[in-house]
Structure formats: structure tokens, C-alpha cells
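The values are calculated or read from the model by the stated rules, or taken from the named source; none is laboratory data. Since we're looking at a predicted model, the values are computed, not measured. Backbone-built Cβ (ideal geometry, glycine too); neighbour counts: all protein chains shown. Quick note on the areas: whole protein, heavy atoms, side chains included, nothing else; ligands and nucleic acids left out. Shrake-Rupley method; radii C 1.70, N 1.55, O 1.52, S 1.80 Å.
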Amino acid sequence: MANYTTVTEFLLSGFSDVWELRILHAMLFLLIYLTTLMGNLLIVTVTTFDKSLHTPMYFFLRNLSVLDMCYISVTVPKACMILLLNRVISIAGCAAQIFLVVSCATTELLFLTIMAYDRYVAICHPLHYPVIMNLRVCIQMTLASVFSGLIYAGVHTGNTFRLSYCQSNVVHQFFCDIPSLLKLSCSDTFINEVAIFFCVLVIVGGFFIFIIMSYIRIFSTVLKFPTRGERGKAFSTCVPHILVVTVFASSVNAVYINPTSNSPAIQDMIISVFYSIVPPFLNPIIYSLRNKQVKEAVRRIFYLEKQ
């Protein structure tokens, strides 16, 4: 241990060392970031000011949009900075980024699970829907999801930074994440790896199975609808949700199920994009451009402003 140098800061990596490509990547990240913010802000505005959208489904969609704006703001602005200016991030900054990324990702998964349950109740038990999904229950589930995400993130962030880091301080990732740091640790990371493996397997896998089972029941009910229009309307709200959940869960599993694997750094970075950037970017596109109620609400709001 006498030859080891204690790490006091980390250096984040980009997708390329070529300056022109770094500028291109930064511009692409910035474009995605601004598009995501505008899209999610539009959903928050519309679902807040249009009274016809004051339903549990859009209550959760509004919460998801607020979360997505926070989620993508944790990684992308810093990524643009390391691509163009300064790669350095302090240990405290790295710990804060890991805590926020994990808490946002966990809360995102819980919100997507709740939204699947909301669709299940609405389609399979429509007469009981107002009672089961009342405002008090919706608020309680939202708060429980947020606090669960914070607690889960706190545990894993604490476990990560109780380890010692020495020699190399280069994080082969465009943001601080747990797998990349475990590869740099000079401590025994076995307990961390086992904890992450079982948490991902139980939590992500469990909620993913719950979502799939909910949609199996939804589809079995939808197929019994008498008209094609009713079936199409139900499928249009469910299929995009499944797409987002599948991309999110599969990319998280790919990165965290074996956190210290020897996979290429560029592969890990690309997969990380699919759980840290793609879901916040896709959600407003899926839930606004493909949703007739949201598009009609946007027209009403802009029409009133013009009047």
C-alpha cells in the first residue's frame, strides 16, 4: 500500500479523444437535453393547466416529466462540460452525481411500475378505478417512490465510497456511476458486487415482471373489447409504455448485473445512454405526440393564449 497514491479527484471520459468528435458529441448531447427539457416542460404545463387532464394517469405523467427533467440534468450538462472544457470532478461531486443518478433511476422505475398498475386498474377494473386510484393514494404512491429512491441511492452511494481508491483516477464513463468506480477501487469489492447483483435482480427484475404481468392482463381484457376503435385506443396507451420500460430495464441490467465486467468502455458508455438519457428523451415524445388528449389540450391552451 505504500506505493499507492490516494485519489482526491476523478477524471471523466468522453466517447472519443478527437476534438472535432468531442464537439459533435457535446452538440448532440445539448440538443437532446434541450429537447427533453422542452418536451417534459410542455407536458407539465399542459397537465397542470388543463382541467380535463386532472386524472391519475396524467398526475403520474406530470410527476414522471418533472423527474425526467431532474434525471437528465444530473448527467448531460456535466457531460457537455467534460467533452469541451474540464474532465475533473471532485470526490464529493462524484458521490453527489451517483446518489442523484441512482435515486432518479430507481424512482423512474417505480413511477413506470405505478403507471402500469394505473392502466391495469383503468382497463381491467374501470368501475372501481375512481375508488382505487383516488388522489390520496396517488400522492402516497408518489411520495413512497421518491423516498424509496433516496434511501436506495443513499445505501449504495455509502457502500461505494466506503471503499479505497488509489492509483488510476480515470473513470471510463461520461458520468460517475457505481460500476465504473468499482473497477478503480483497490479494496475488495465482492460485497458491493453481490449487493448490486441481488438488488438489480430482485428490484429491477421484480418490478419488470410485475409490469409485464399487468400488461398481459390488460391485453387479455383489451382483446375482449367489442370494437376495433376501443382496442386501438387501449393499445396506443400501453405499447409505448412497454417500449420505454423494456429499454430502461434491459440497459440497467446490462450495466449493473455484472458491474466489474471487462466489457469495452465505449460499450458501457453507449449502454448507459439507454438508461440515463433515452428514457427522459423518449417519454415526452411518446406521451405527447402519440396522445390525442394531450395534443387537444395543447391546442386549447395556445388558443386561449391567442385570445
Histogram of C-alpha separations across segment 27-83, 5 Å bin width, %: 4, 20, 26, 18, 13, 10, 6, 3, 1
Rounded to a whole number, what % of the accessible area of the chain do carbon and sulfur atoms account for, probe 1.4 Å? 69
Evaluate the relative contact order of segment 180-283 (contact order divided by residue number), counting alpha-carbon pairs under 8 angstrom at least 6 apart; express in whole percent. 37
If you average 1/r over every pair of different alpha-carbon atoms in segment 156-261 and take one over that average, what Kirkwood value in Å do you get? 16.5
Counting only heavy atoms of the protein chains, get the accessible area per residue of segment 18-152 (1.4 Å probe) and round it to a whole Å² value. 47
Would you mind telling me which residue in Leu34, Leu83, Leu24 has the biggest mean-square fluctuation in a Gaussian network model of the chain, where springs connect alpha carbons within a distance under 10 angstrom? Leu24
Output needed for the chain: three equivalent-ellipsoid semi-axes, defined as square roots of 5 times the C-alpha gyration tensor eigenvalues, in descending order, whole Å. 38, 23, 16
Rounded, prolate or oblate: which fits segment 1-103 when a ≥ b ≥ c are the square roots of the eigenvalues of the alpha-carbon gyration tensor, with rounded for a/c under 1.5 and prolate only if a/b beats b/c? oblate
Can you give the alpha-carbon Rg of segment 125-213 over 2.2 N^0.38 Å, where N counts its residues? 1.53
For the pair Ser263 and Thr246, the simple spin-label estimate (label points 7 Å beyond Cα toward Cβ) gives in nm 1.8
Using only the alpha-carbon atoms, how far is helix 91-124 inclined from the longest principal axis of the chain? Give it as 0 to 90 degrees, nearest 10. 20
Rounded to 0.05, the calculated FRET efficiency for the beta carbons of Arg299 and Ile151 at R₀ = 35 Å is 0.25
Taking the Cα atoms only, what angle lies between the long axis of helix 190-199 and the longest principal axis of the chain, rounded to 10 degrees? 10
Expressed in angstrom and ordered largest first, the alpha-carbon extents of segment 237-301 along the principal axes are 53, 20, 11
By how many degrees, 0 to 90 and rounded to 10, does the Cα axis of helix 265-276 deviate from the longest principal axis of the chain? 30
Could you check which residue among Val74, Val131, Val46 shows the biggest mean-square fluctuation in a GNM of the chain with a 10 Å Cα cutoff? Val131
